[in-house]
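All remarks here apply to the structure that follows.
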Amino acid sequence: MTLPPDAPAAARHERILILDFGSQVTQLIARRLRESGVYCEIWPFNAAPEDRIRAFAPKGVILSGGPASVTEGESPRAPDCIFDMGLPILGICYGQQTMAHQLGGKVEGGHAREFGRAFIDVTGDCAITKGLWAPGSREQVWMSHGDRITELPPGFRVVASSEGAPFALIANDARHYYGTMFHPEVVHTPHGAALLKNFTHLVCGCTGDWTMGAFRAEMIEKIRAQVGKGRVVCGLSGGVDSSVAAVLIHEAIGDQLTCIFVDHGLMRAGEAEQVVSTFRDRFNIRLVHRDASDLFLGQLSGVTDPEAKRKTIGRLFIEVFEEEQNKIGGADFLAQGTLYPDVIESVSATGGPSVTIKSHHNVGGLPEGMRMKLVEPLRELFKDEVRALGRELGIPEAIVGRHPFPGPGLAIRIPGEVTREKADLLRQVDSIYLEEIRAAGLYDAIWQAFAVLLPVRTVGVMGDGRTYDQACALRAVTSTDGMTADVYPFDMGFLTRVSNRIVNEVRGINRVTYDITSKPPGTIEWE
Ligand code: XMP
């Protein structure tokens, strides 16, 4: 098949369609599939008309979980056409129930909710348990449901059950339909990823043709076709997404790309220098490095409100970016490191708009007012795929494996007014903390770790003298997507070592605290 060069990467690969019924963990289904080399997309259940599905030509369909109850009149249904297309189908939790209901089975509510870890007894075998579970074994899974199936639709049989979930795993071998009451996509179902792989590989016949090596080659072709002889600008922040986008685009079009690095003076210690040396010296990318720290810090003077700080930084960033891109004579395209989670259309359980907790500033997402066409080479990828692609492109681990860092930088880690002196002080604290985290081999186990400079002075004693200096807080969290987070449980030995180093080595800090708030109710950043 010959495809136009601007066809989505998906069109060149075997595909699975995931229909979303609003579960909190639908994205994990896609991530597990991608990890096993299968391209997939998540569509809302109600945005999947037959012609769109036929054009997508999936090799199989997965129906996600969701918060609704099949027994309620208005609850969501899978599009009926998928049952007429001869496609393999896997229904998970709500997906299993609506499939059973739509195919003539019975679902009842009002049962005790089963939530969390559970054990199921395997009583039969089928394609998706092949090589994993044998009849007679007892297996750990993760459940989250209230309703359950009470009568199977014709052609189905039970493969595994538990007391609370008599139809924990069901199969209709002839039609290649499977349903699980548990969630195979979460890590608390230890064989979950392998069960999903059996579905995609053994049942749907996928071969695992989605690799970052193949993606790189195709995307380079695609960027060349899109850009032609045009000029592209890209805002570099030193973060993973903009870095990978820049290197990939540079590989495709060389000097037609110029990167603009607006240095607001609020980066971590050594990071601005690292951006310049990596991109200009190592990758030979045309890079404009604008040190705008005086401008940013000047305009932040006297600003204490968190939202006002964010807005000031966002506005200045656009102004400086525009100025720099005018200096180089403008461009036809703006490159952005948009990722797949940013473009997935979401199914809202409530239907209402969500509240803005913080106005995010993201280097890649800013210059809305500029009338340039967009180049977004990462819009089909998850974060872990972007990291894999970055490694494939030879980007140093220090950038590819880096913790997320917010666009407004250290400004939102300095409650109260931001000054150059405070930013310098915070940088010293932060780098000792991160140095110790790295030395202890904990960096990759943590989603984000950073220090916050507190706007309070406290009394201390050092040697024979009294001190009256500033306090700081340390924060470290685990998370999968930044939406929720748990505090990282350092041992006291580690924390006291870091605290001693900070108080001894950083003049001006005499007290260290550890923030143990999870998200919710806290947020990850302090502002
Ligand atoms: P919060 O503080 O809302 O942060 O729990 C969630 C995640 O988002 C990051 N963050 C930002 N990232 N621009 C960004 O690019 C921003 O303005 C911004 N504010 C917060 C934060 O570091 C965490 O990873």
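General remarks:
- Residue pairs whose Cβ atoms lie under 9 Å apart, separated by 6 or more positions or on different chains, with the first residue in segment 307-319 and within 16 Å of Asp294 (Cβ to Cβ) and the second surrounded by 15 or more Cβ atoms within 10 Å (Cβ to Cβ) and among the β-branched types (Val, Ile, Thr), are Thr312/Val303; Ile313/Ile412; Leu316/Val262; Phe317/Val262; Phe317/Val363.
- The residues of segment 414-445 that are of a type in the set (Val, Ile, Thr), crowded, with 16+ Cβ neighbours inside 10 Å and farther than 19 Å from Asn504 by Cα, listed by number, are Ile414, Val418.
- Residue within segment 345-360 that is more than 16 Å from the ligand (Cβ to nearest atom), open to solvent by 40 Å² or more (accessible area, probe 1.4 Å) and modelled with pLDDT of 90 or more present: no
- Subset of segment 471-480 that is more than 9 Å from the ligand (Cβ to nearest atom) and of a type outside the set (Ser, Thr, Tyr) - its residue that is surrounded by the most Cβ atoms within 10 Å (Cβ to Cβ): Cys472
- When residues of segment 15-33 are limited to those that are open to solvent by 10 Å² or more (accessible area, probe 1.4 Å) and part of a helix (DSSP H, G or I), the one farthest from Ala194 (Cα to Cα): Gln27
- The criterion of at least 3 residues that are over 27 Å from Gly416 (Cβ atoms) and more than 32 Å from the chain's Cα centre (by Cα) is met by none of the strands (runs of 3 or more DSSP E) falling completely within segment 430-527.
- Residues of segment 378-419 classified as in a helix (DSSP H, G or I), within 16 Å of the ligand (Cβ to nearest atom), over 15 Å from the mean Cα position of the chain (by Cα) and on the phi < 0 side of the Ramachandran plot, total: 5
- Filter result (assigned to a loop (DSSP other than H, G, I, E, B), crowded, with 16+ Cβ neighbours inside 10 Å and touching a His at 6+ places or on another chain (Cβ under 9 Å)) within segment 122-148: Leu132, Trp133, Asp147
- The set of residues in segment 481-517 that are within 16 Å of the ligand (Cβ to nearest atom), open to solvent by 40 Å² or more (accessible area, probe 1.4 Å) and without any contact (Cβ under 8 Å) to a residue 40 or more places away in the chain comprises Met483, Thr484, Asp486, Val487, Ile516, Thr517.
- Considering Glu151, Glu185, the condition of being of a type in the set (Asp, Glu), surrounded by fewer than 23 Cβ atoms within 10 Å (Cβ to Cβ) and farther than 16 Å from Gly124 by Cα is satisfied by Glu151 alone.
- Residue check for Ala451: free of Cβ contacts under 8 Å to residues at least 60 places away in the same chain, surrounded by 16 or more Cβ atoms within 10 Å (Cβ to Cβ) and more than 30 Å from Phe215 (Cα to Cα): yes
- Count of residues meeting criterion [open to solvent by 10 Å² or more (accessible area, probe 1.4 Å) and either part of a loop (DSSP other than H, G, I, E, B) or touching a residue at least 40 places away in the same chain (Cβ under 8 Å) (or both)] in segment 57-82: 15
- Scanning segment 117-158 for residues that are touching a Cys at 6+ places or on another chain (Cβ under 6 Å) and either of a type in the set (Lys, Arg) or without any contact (Cβ under 8 Å) to a residue 24 or more places away in the chain (or both) yields a count of 0.
- Of the criteria (1) part of a helix (DSSP H, G or I); (2) within 26 Å of Arg379 (Cα to Cα), which one Glu185 fails: (1)
The values are calculated or read from the model by the stated rules, or taken from the named source; none is laboratory data. Source: prediction; values computed, not measured. Reconstructed Cβ throughout: ideal geometry from the backbone, glycine too, with neighbour counts over all protein chains shown. Note: areas computed on protein heavy atoms with side chains; ligands, DNA, RNA excluded. Shrake-Rupley method; radii C 1.70, N 1.55, O 1.52, S 1.80 Å.
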